[in-house]
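Novice: Okay, here's the structure, questions in a sec.
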Amino acid sequence: MIWQGVIPHYRAYLPVTSKTPIITLKEGNTPLIEATSFNEVIGNDLRIYLKYEGLNPTSSFKDRGMTVAISKSVEDGAQAVMCASTGNTSASAAAYAAKARLRCIVLVPKGEIALGKLAQALMHGAKVLAVDGNFDKALQLVRDITEKHPVHLVNSLNPYRLEGQKTGAFEVIDHLGFAPDYQAMPVGNAGNITAYWKGYKEYYDCGKAERLPKMLGFQAAQAAPIVLGHTIEEPQTVASAIKIGNPASWRAAEKARDESKGLIGYVSDDEILQAYQMLAKLEGLFVEPASAASVAGIIKLNRSGYFKPGSTVVCILTGHGLKDPDTALGEIGGEPITVSASEDEILEYVYEA
Ligand code: F0G
């Protein structure tokens, strides 16, 4: 059957009725790819699977939640939607709002979001406001405004977002045929870890899986409020998507961690960037830096002997690498080699050791 998007596919698990207009860009059904080469590098017999969420319509996992949130906003008669974002939520909200012909206003921290994400929000016709302040400040403004004005909030505080995002967990189980031992993901505003845990529990409760995974969340070292147990006034990290000091779903993420007997840890920017390059060079998967935090976390935990040999680990690769070309080129020192249009000169490179 041809894939029709997460609402048609998982309708029975989602808060939609026959009256809900379905606004979809055919999101979901992303591949779960077994890591082959880097298993050798990390030197264990773990079975690592990578869920490549960058293959969603706006190139991040946000589309799973946005299809549900925007569909429900249209059902409820909204004229406008609004969010704060480190980039991906704004790109997704802008695209789905365009499809639904809704006004979309997005607040982004000024100068802090990756180029591709900014281009997306602008191209889809959103009103993009660069706020002089960080993500946490922008989210507070959006909360205050949407409480008082007829504009729907489509951050993950909107429960429909989490309902949609939980379908990622369904897909993991549907693809593997069982729940993994561990599931690793980056944590920013902490909505996605909350959503995945909900999804795993729902599938477990209706007999689609015989066990639950341990949830492993990773924050960036200088933006790790949940790990440290206090808000961070000025979070810093190369992984701009998760540069968040006061996550909205903080308590729910702790609950996912504790109920699943997992953990939320941190990884340094260097560890993130190493995993980022490893994914691109050894697995053929170009992800944005925040997404590499999940793999960096696995590598770090594996070194400390955390995993039982033979365990199955699923890493959620949350966003596509093309979102953030500046970081990619900066890391690679990115210049192509200029050559004349001569066979001989080119052949030197063909036969280079
Ligand atoms: N990975 C990427 C690529 C993200 O864009 C985000 C969050 C996360 C991981 C973390 O997910 O917030 O649910 O814990 N991005 C949000 C945004 C904050 O505005 O695009 P989370």
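Since every read-out is calculated from the coordinates, none of them should be taken as a lab result. Fair warning: this is a prediction, and the values are worked out from it, not measured in the lab. Neighbour counts are summed over all protein chains in view; Cβ atoms, including those assigned to glycine, are modelled from backbone coordinates with ideal geometry.
Novice: Just list whichever of Lys26/Lys127; Lys117/Lys166; Lys72/Lys208; Lys99/Lys127; Lys51/Lys72; Lys243/Lys323 have alpha carbons separated by over 18 Å in the model shown.
Specialist: Beyond 18 Å between Cα atoms: Lys26/Lys127; Lys117/Lys166; Lys72/Lys208; Lys51/Lys72.
Novice: Given a Förster distance of 22 angstrom, what is the FRET efficiency for Val41 paired with Asp174, based on the Cβ-Cβ distance and rounded to 0.05?
Specialist: It comes to 0.15.
Novice: Another one. What value, in deg cm²/dmol to 500, does the helix sum -39500 (n - 2.57) over DSSP H runs of n ≥ 4 give at 222 nm once divided by the residues of the chain?
Specialist: Calculated at 222 nm, the ellipticity per residue is -13000 deg cm²/dmol.
Novice: Measure off 7 Å from each Cα along the Cα-to-Cβ vector at Lys208 and Lys26, then give the distance between these two points in nanometres to one decimal.
Specialist: About 2.2 nm, to one decimal.
Novice: With the crude spin-label approximation of a point 7 Å out along Cα→Cβ, what separation in nm comes out for Gln140 versus Ser342?
Specialist: 6.4 nm
Novice: Given a 10 angstrom Cα cut-off, can you work out which residue in Gln219, Gln140, Gln165 is the most mobile in a GNM of the chain?
Specialist: The residue that fluctuates most here is Gln140.
Novice: Could you work out the longest stretch of the chain that avoids the trypsin sites (Lys or Arg not before Pro) located in DSSP loops with at most 11 other Cβ atoms within 10 Å?
Specialist: That gives 102-210 as the longest site-free run.
Novice: What is the calculated FRET efficiency for His230 to Ile2, with r their C-beta to C-beta distance and R₀ = 51 Å, to the nearest 0.05? Before the final figure, lay out the partial values.
Specialist: Working: r = 49 Å, r/R0 = 0.95.
That gives a FRET efficiency of 0.55.
Novice: If you scale each eigenvalue of the Cα gyration tensor by 5 and take the root, what three semi-axes come out for segment 195-296, rounded to whole angstrom and sorted largest first? Don't jump to the answer; show the numbers that get you there.
Specialist: Details: eigenvalues 126, 78, 19 Å².
Listed largest to smallest, the semi-axes of segment 195-296 are 25, 20, 10 Å.
Novice: Taking the Cα-to-Cβ direction at Gln79 and at Thr17 and moving 7 Å from each Cα, how far apart do the two end points lie in nm?
Specialist: For the pair Gln79/Thr17, the computed spacing is 2.5 nm.
Novice: Another one. Starting from the amide H of Ile33, placed 1.01 Å from N in the peptide plane, find each other amide H under 5 Å away whose residue is 5 or more places distant or on another chain.
Specialist: Leu50, Lys51, Tyr52
Novice: If you filter segment 152-251 for GluC sites (Glu not before Pro), then keep DSSP loop positions with at most 11 other Cβ within 10 Å, what is left?
Specialist: Listed in order of number, the matching sites are Glu210, Glu233.
Novice: Can you compute 3J(HN,Hα) from phi for each residue in segment 240-246, using the Karplus curve 6.51 cos²θ - 1.76 cosθ + 1.60 with θ = phi - 60°, rounded to whole Hz and x for Gly and Pro?
Specialist: Karplus-based 3J(HN,Hα) across segment 240-246 equals 4, 4, 10, 7, 9, x, 8 Hz.
Novice: Another question, then. As an exercise, use a Förster radius of 35 Å and the Cβ-Cβ distance of Lys148 and Asp258 to find the FRET efficiency, rounded to the nearest 0.05.
Specialist: Calculated transfer efficiency: 0.50.
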